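For reference, the structure is listed below as structure tokens.
The values are calculated or read from the model by the stated rules, or taken from the named source; none is laboratory data. Treat the numbers as computed from the prediction; the structure is a model and nothing was measured. Every residue, glycine as well, gets a Cβ built from its backbone with ideal geometry; the counts of neighbours run over all protein chains shown. In case anyone asks, the SASA skips ligands and DNA or RNA and just uses the protein heavy atoms, side chains included. Shrake-Rupley method; radii C 1.70, N 1.55, O 1.52, S 1.80 Å.
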Amino acid sequence: MSAAGGQRAVRDQSSVRPFQVDVPEAELIELRRRIQATRWPERETVPDATQGVQLATVQALARYWATEYDWRKIEAKLNALPQFLTEIDGLDIHFIHVRSKHDNALPLIVTHGWPGSITEQMKIIDPLTDPTAHRGNASDAFDIVIPSMPGYGFSGRPATTGWDPAHIARAWTILMKRLGYTKFVAQGGDWGAVITELLGAQAPPELVGIHTNMPNAVPADIDKLAFSGAPAPASLTADEKLAYDRLSSVYAKGIAYGFQMGLRPQTLYGIADSPIGLAAYFLDHDARSYEMIARVFAGVSEGLTRDDVLDNITLTWLTNTALSGARLYWENKGASFFAVRGVSVPAAVSVFPDELFPAPRSWAERAYPKLIHFNKLPKGGHFAAWEQPKLFAEELRAGFRSLR
């Protein structure tokens with residue numbers, strides 16, 4: 001195979017093994033049985049979601065999951081893609097790897113978050129690898145690598161401590177080099193944003209830039225104030241105050257799951273043992289995402305479908321990775337979710353309006369000394385690649401264009 005633009009080389013076949021998904025039918029039958037055997041609590045005592053995920057939403061999800069949802073559809077979509085396993089630091093890492101048909105495609109590694117999986121990024125594969133089929137230019141093509149984080153999906157579950165976000169970032173450099181890439185860019189949201197930005201702080205010579213849709217750009221002093229619940233400083237601009245108020249709300253009301261998993265992940269046996277327990281826990285990620293998902297299960301057409309939501313939950317259930325995924329919060333050792341990481345490479349930022357907080361340009365310019373792209377989008381939320389794949393793909397093309 002020729003090395004296009006010096007970016008490709010022959011894959012090391014001895015260390016990268018093909019992978020296919022093949023779930024035994026008995027596991028799907030047992031999943032449906034467990035859903036139908038759910039012991040339900042009474043309805044919440046308030047008319048809104050202030051007590052958590054509402055009974056009507058979860059019961060609508062359960063009915064569809066047990067009677068209509070078909071796992072084999074997403075299994076077939078996964079198996080239509082090139083999937084692989086490779087061992088890094090003693091752990092099997094699963095990943096999708098799609099090479100573009102276009103010459104000089106820019107290698108890109110995209111990292112999902114919690115409570116996510118590789119299913120989040122599947123909608124962006126074709127627009128990024130084959131831009132000409134989506135009204136784009138061949139010069140904007142990417143080779144795309146989408147790994148399952150350690151402890152998530154089809155990757156191995158760590159049996160020892162140490163797989164923190166910085167370790168994962170180092171592993172991604174090993175992965176990209178193992179695939180023959182001497183130049184690559186990286187993208188992430190949620191935990192993927194943390195990992196991508198740590199990769200940008202590590203700045204391996206092969207990494208030429210990053211893109212984030214959850215910018216960890218909050219100044220340290222602002223982050224501490226927001227965490228404490230203090231009023232917004234009077235010196236903030238209007239954009240900064242909006243971000244501060246949203247961030248304060250997230251810390252006060254929005255990430256109880258993060259504190260639970262950060263302190264006591266092993267206690268969460270209920271989400272490993274109950275499909276409905278897992279589904280409810282996953283739906284309660286953030287208020288705006290939950291509102292959208294609740295509308296989906298009430299029959300409203302949104303960026304996500306019922307199958308999208310259940311593909312992700314079912315993947316976690318079938319791989320029994322609820323707790324191994326939760327331990328990533330514990331591994332983070334109490335570090336801030338949103339504070340500046342020290343990125344030194346060129347960085348592109350896309351701000352979706354329903355993200356946990358809308359990062360202002362002023363913070364982004366301070367957090368990323370080599371800011372090459374900043375854009376506020378008209379719609380989309382925390383799971384942007386999943387919800388708005390067209391806008392997301394356009395952002396990646398624009399964000400990385402100057403690095404080709």
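Ligands, DNA and RNA left out, the 1.4 Å accessible surface of the chain is 52% carbon and sulfur atoms. Length available on full extension from residue 49 to residue 36: 0.36 nm per residue minus the Cα-Cα distance, which gives 2.3 nm. Taken along the Cα-to-beta-carbon direction at a fixed 7 Å, the label points for residue 230 and residue 305 span 4.9 nm.
Think of region 281-367 as having a plus end and a minus end, set by charges on the Cβ of Lys, Arg, Asp and Glu; of 362, 301, 283, 362 sits farthest toward the positive end of this dipole. Our Cα-only numbers for the chain put the radius of gyration and Dmax at 20.5, 64 Å. Using the Cβ-Cβ distance between residue 104 and residue 76 with R0 set to 41 Å, the FRET efficiency works out to roughly 0.85. Multiplying the residue separation of residue 344 and residue 17 by 0.36 nm and subtracting their alpha-carbon distance yields 114.4 nm.
Simple point charges give the picture: +1 on the Cβ of Lys and Arg, -1 on the Cβ of Asp and Glu, and for region 249-386 a dipole about the Cα centre of about 580 debye.
Once region 241-373 is represented by equal point scatterers at the alpha-carbon sites, with solvent omitted, what log10 I(q)/I(0) does the Debye formula produce at q = 0.12, 0.13, 0.14, 0.16 Å⁻¹? Ignoring solvent entirely, the Cα scatterers give -0.62, -0.72, -0.83, -1.03.
State to the nearest 20 debye the size of the charge dipole of region 317-384 about its Cα centre, where the only charges are +1 on K and R beta carbons and -1 on D and E beta carbons.
Details: 8 positive and 4 negative charges, 33 e Å.
The dipole of region 317-384 has a size of about 160 debye.
For the chain, lysine pairs separated by 8 or more sequence positions, or belonging to different chains, with Cα-Cα distances below 20 Å total 17.
In a simple Cβ point-charge model (Lys, Arg +1; Asp, Glu -1; nothing else charged), the chain has a dipole of about 560 debye relative to its Cα centre. Packing here is the average count of other Cβ atoms within 10 Å per residue, and on that basis the peptides 224-231, 275-282, highest first, run 275-282, 224-231.
Per-residue 3J(HN,Hα) values for region 343-355, derived from phi via the Karplus relation 6.51 cos²θ - 1.76 cosθ + 1.60 with θ = phi - 60°, read 5, 10, 8, x, 9, 10, 10, 10, 10, 8, x, 9, 5 Hz in sequence order (x marks Gly and Pro).
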